[in-house]
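Comments concern the structure below.
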Amino acid sequence: MLLEKPVALVTGASRGIGRSIALQLARDGYTVIIHSRTAQDPSNPTKGPDEVKRAIEEQGGKAVLCASDIATPEGRSRLIDFVDREVGRVDLLVNNAGIEPVSVDILKVKEEDVRHVLDVNLIGPYFITQQITSRMIQWRAAGIIQKGRVVFITSVQAYRTATFGSGYGMSKAALHMAVQQFAARLGEADIPVVEIRPGVIPTDMSLVHKEGIDRKLAEGWAPTRRWGSLEEMANMVSCVGKGVFDYSTGAAIDVSGGMNIFKL
């Protein structure tokens, strides 16, 4: 099935930031591939990929579902095969999927826990991007798409240290370099690659730490002293999809209330 509308692939789109991005891109006119690690949980129809698909369709958009674990070669192949077989194009790739590691002191964390975080947060998006952007070049040459674009959702933890759950920051810092490398390679193909770094956004992962985050924000952790919103993240990705940042390939854009500002 070769779709005529532009297509956005959003990994980890069943909840949180990914869900918000998927909804906004559907409003922007994209057919959205809602990727999630697992299929819908029938016992909880109010959350999950099916719920996101329904929400998109209720607002007049179109979406398709693909469940696969991008931490594994088999899961990545399943996603790429789905794109080739069922969709036939990707105009915008949003590497959003990620997990938070077990919050353990860096001196006590287990090797298998770090490896799992790196597989999901780094290795998965790295090789998904390799495969999709190679196809973008071919699709553009064949006149199937006008232009390809790529977004990586990283984190302020790409540059702010945390000694508990340290694997997360390591994965996001490495993704920053992946953005630079892909941007350098894909510039000649006119495929912009942009990094977006969220700060404190209300997701399942962050709300677990709400009390501590509220305290830190009140103490000036971020100059704005507030949480960001899912909509602010989605709007930034929307701008990338509209070409606003096409000449900013390789850029790292903070959506963090100023957490990137270093103060004396």
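Points worth noting:
- Only one entry in ILE137, ILE70, ILE128, ILE145 is out of contact with any His (no Cβ under 6 Å at 6 or more places or on another chain), surrounded by 19 or more Cβ atoms within 10 Å (Cβ to Cβ) and not in a loop (DSSP other than H, G, I, E, B), namely ILE128.
- Checked against the criterion of being more than 24 Å from VAL7 (Cα to Cα), exposed (fewer than 13 other Cβ atoms within 10 Å of the Cβ) and more than 14 Å from the chain's Cα centre (by Cα), the candidates GLY258, GLY212, GLY169, GLY228 yield just one match: GLY212.
- Within the option set GLY75, GLY88, being more than 14 Å from the chain's Cα centre (by Cα), small (Gly, Ala, Ser) and closer than 24 Å to GLU100 by Cα holds for one residue only, GLY75.
- The criterion of being at pLDDT 95 or above, buried (at least 18 other Cβ atoms within 10 Å of the Cβ) and more than 18 Å from LYS172 (Cα to Cα) does not hold for ALA222.
To keep it simple, each residue is scored yes or no on (1) in contact with an Asp or Glu (Cβ under 9 Å, 6 or more places away or on another chain); (2) touching a residue at least 24 places away in the same chain (Cβ under 8 Å).
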| site | (1), (2) |
| --- | --- |
| ALA63 | yes, yes |
| THR72 | yes, yes |
| ARG76 | yes, yes |
| VAL90 | no, yes |
| LYS108 | no, no |
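- Residue in segment 189-209 that is surrounded by the most Cβ atoms within 10 Å (Cβ to Cβ), counting only those that are touching a strand residue (DSSP E or B) at 6+ places or on another chain (Cβ under 9 Å) and among the aliphatic types (A, V, I, L, M): VAL193
- Residue match in segment 99-106 (condition: under 27 Å from MET233 (Cβ atoms) and in a helix (DSSP H, G or I)): no
- Within the span defined as segment 46-57, every residue fails to be of a type in the set (Ser, Thr, Tyr) and either in a helix (DSSP H, G or I) or on the phi > 0 side of the Ramachandran plot (or both).
- Looking across segment 40-60 at every residue that is surrounded by fewer than 21 Cβ atoms within 10 Å (Cβ to Cβ) and touching a helix residue (DSSP H, G or I) at 6+ places or on another chain (Cβ under 7 Å), the one that is nearest to ARG19 (Cα to Cα) is identified as ALA55.
- Of everything in segment 184-219 that is among the small types (Gly, Ala, Ser) and modelled with pLDDT under 95, the residue that is farthest from THR161 (Cα to Cα) is ALA218.
The values are calculated or read from the model by the stated rules, or taken from the named source; none is laboratory data. Just so it is clear, the model here is predicted, and its values are computed rather than measured. Ideal geometry is used to build each Cβ from the backbone, glycine not excepted, and the neighbour counts take in all protein chains shown.
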